[in-house]
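Peer 1: Here you go, one structure.
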């Protein structure tokens, strides 16, 4: 029993250290890939705690390997939106302008009952109050109500981590030339993010290599 107690304490301390290094604070912050790693680590630790015939190293080494894989994937996701989309997926709009996007909900295996459950958990009991509902990559639901903004429109992320968000830019009929005109002499690759609000106000911030300065301006387009 003493051996089991000591093994449990040692593995608890080791796993706590590993989880702290991942930077995640709670389960709701975990992406599917992170959750898979966490569950696998828990299973490996449980086997080693319960079976004294299994050397601790037989659990510690795989756990450390999984942690390194998770960190490598996290770094790749920061550098490439395509890799991020492959591992984490993309947010899905399941309500747009008060209309349920049935095809998107079917793709996400998300029912109207699921939607109503989530709305009630946010103290929203009337579907007609919802302008937008976005299913986030971690399974959470973000809600924009009609009475939260005069325009009841979404903000658009135009640049993220130095990369142009093509879907958003195309939907607004913007071009790279418009973005460069907004930035003046600043390159797109140096922009941490650029957001367009429904009222036409632009908010963007340079990355830390370029001073992490934040700016506001109004949208202007390049003449044809």
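The values are calculated or read from the model by the stated rules, or taken from the named source; none is laboratory data. These figures come from a predicted structure and were not determined experimentally. Cβ: placed from backbone, ideal geometry, glycine included. Neighbour counts: every protein chain shown.
Peer 1: Anything in segment 123-138 that is free of Cβ contacts under 8 Å to residues at least 60 places away in the same chain and surrounded by 13 or more Cβ atoms within 10 Å (Cβ to Cβ)? List them, or say none.
Peer 2: If we filter segment 123-138 for residues that are free of Cβ contacts under 8 Å to residues at least 60 places away in the same chain, which is where we start, we get 123-136.
Scanning segment 123-138 gives 124, 127, 129, 130, 131, 132, 133, 134, 135, 136.
Peer 1: So, in segment 83-103, exactly how many residues are outside any loop (DSSP other than H, G, I, E, B), within 20 Å of residue 156 (Cβ to Cβ) and free of Cβ contacts under 8 Å to residues at least 24 places away in the same chain?
Peer 2: The total comes to 3.
Peer 1: Here is a check on your reading of the model: is residue 119 in a loop (DSSP other than H, G, I, E, B) and surrounded by 14 or more Cβ atoms within 10 Å (Cβ to Cβ)?
Peer 2: It is false that residue 119 is in a loop (DSSP other than H, G, I, E, B) and surrounded by 14 or more Cβ atoms within 10 Å (Cβ to Cβ).
Peer 1: Oh, and also: For the condition over 19 Å from residue 89 (Cα atoms), touching a helix residue (DSSP H, G or I) at 6+ places or on another chain (Cβ under 9 Å) and surrounded by 14 or more Cβ atoms within 10 Å (Cβ to Cβ), what is the one hit in 159, 188, 182?
Peer 2: 188
Peer 1: Moving to a separate point now. Can you tell me which residues in segment 45-73 are in contact (Cβ under 8 Å) with a residue 12 or more places away in the chain and within 27 Å of the chain's Cα centre (by Cα)?
Peer 2: 62, 63, 64, 66, 67, 69, 70, 71, 73
Peer 1: Using the structure shown, decide if residue 114 is in a helix (DSSP H, G or I) and either touching a residue at least 24 places away in the same chain (Cβ under 8 Å) or in contact with a strand residue (DSSP E or B) (Cβ under 7 Å, 6 or more places away or on another chain) (or both).
Peer 2: no
Peer 1: In addition: Looking at segment 10-19, is at least one residue under 28 Å from residue 141 (Cα atoms) and outside the structural domain of residue 160 (by TED's automatic domain parsing)?
Peer 2: Yes, some residue in segment 10-19 is under 28 Å from residue 141 (Cα atoms) and outside the structural domain of residue 160 (by TED's automatic domain parsing).
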